[in-house]
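Have a look at the structure below, then the notes.
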Amino acid sequence: MLRVAQSLACIYYVSTDILVGFARSIGVKSLGSGKRHARYSPEKSAAYTEEYTNVFLRLLGTETFQGDICEIGPGDSISGAILMFLRGADSVTFYERFQSKPSHQHTEQIAKILFERECKRLSGMPHSENIQDQIQKVRFYNGSPAEDHFIGTTQQFDLILSNSVIQHACDPINLLQLCYERLKPSGRMIHVIDLRNAGLLESWGELAWLRTPPWLHRLMIRHTGRPNRIRFNEYRNWLESTPAKHSIYVRHLVGETKALGDIPFNEVTQEDWRKSLQLVRDARSDFTPSLRS
């Protein structure tokens, strides 16, 4: 009965992916993906914007942004770009794979909240420009993946960012390589990559999504942006293949509900690893063969 239920769930995922692909093929692009801020109040959107931009600044070890910045997969809001401008960025370019049209009124409300909070933080206006000036400065491209833009341009950036986006890319290693090639000589990039299931087959366990064969998994994710199954070692191998200096931080471990807090990989304690490693060992025999090693 359990396997039947899982099979039905897979059929549902494949069917919805096919429908999304068909809808996009006839020009319907706005289908629910990347619409976080449409569900949020302006206050909640502003708080989320501050939270994720502060993560980037903390990892950069600075309180301000500088130079030309690119963010991949910002969703349906340019509020992050506005805050980056307020905190020192010269230019901000957003590439969003899914078609989303930020509400102008909602954007203005978020921007006003961010302006007021930055004024309090800095005890004065951070910039002379008004809200409309800041909104107009944002370069926002949506409806096609960042890979297409990177291939078609020679523009380079001081900083390239993504927040829980790379795991939704069709070919994440290729995307990372393109990002790397678009950095200025002294450029940096930060990618928060979520290796979890994003709810895929989660009713049957946190690791159940690793049981489906690769051909079936591809059919479930091609058009919807559901998470790929690129594992940690593949990302690390790519990093080590580049001449770039790099750091890896860990936020979550499988089987743990409490976040670790973005700590360096080599500082994760054996006790923290123990439960997660045991959970993987116990489930590994059920994984599809390509994911067992």
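The values are calculated or read from the model by the stated rules, or taken from the named source; none is laboratory data. Predicted model only: the values in this text are computed from it and were never measured. With ideal geometry, Cβ positions are generated from the backbone for all residues, glycine too; neighbour counts draw on all protein chains shown.
Quick one: would you say H223 is in contact with a helix residue (DSSP H, G or I) (Cβ under 8 Å, 6 or more places away or on another chain) and either of a type in the set (G, A, S) or at pLDDT 95 or above (or both)? Working first, answer last.
Values: in contact with a helix residue (DSSP H, G or I) (Cβ under 8 Å, 6 or more places away or on another chain): yes; either of a type in the set (G, A, S) or at pLDDT 95 or above (or both): no.
Judged against the criteria, H223 is not a match.
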Residues in segment 282-291 that are under 26 Å from the mean Cα position of the chain (by Cα) and either at pLDDT below 90 or assigned to a helix (DSSP H, G or I) (or both) total 2
Say whether the condition of being touching a helix residue (DSSP H, G or I) at 6+ places or on another chain (Cβ under 8 Å) and not in a helix (DSSP H, G or I) is met by at least one residue in segment 264-281.
no
Considering segment 243-263 alone, what residues qualify as being under 23 Å from A283 (Cα atoms), at pLDDT 90 or above and touching a helix residue (DSSP H, G or I) at 6+ places or on another chain (Cβ under 6 Å)?
V250, L253, V254
When T64 is run through (1) free of Cβ contacts under 8 Å to residues at least 12 places away in the same chain; (2) part of a loop (DSSP other than H, G, I, E, B), the failure sits at (1)
Identify all residues within segment 255-293 that are under 21 Å from P213 (Cβ atoms) and either in contact (Cβ under 8 Å) with a residue 60 or more places away in the chain or of a type in the set (A, V, I, L, M) (or both); write none if there are none.
V280, A283, D286, F287, T288, S290, L291
Cβ pairs under 7 Å, 6+ apart, first in segment 209-227 and in contact (Cβ under 8 Å) with a residue 60 or more places away in the chain and within 12 Å of L19 (Cα to Cα), second part of a loop (DSSP other than H, G, I, E, B) and of a type in the set (D, E, K, R)
M220/R226
Of the numbered conditions (1) under 23 Å from Y249 (Cβ atoms); (2) surrounded by 15 or more Cβ atoms within 10 Å (Cβ to Cβ), S45 fails exactly one; give the number of that condition.
(1)
The lone exception for M189 - which of (1) assigned by TED's automatic domain parsing to the domain that holds Y52; (2) touching a residue at least 60 places away in the same chain (Cβ under 8 Å) it fails:
(2)
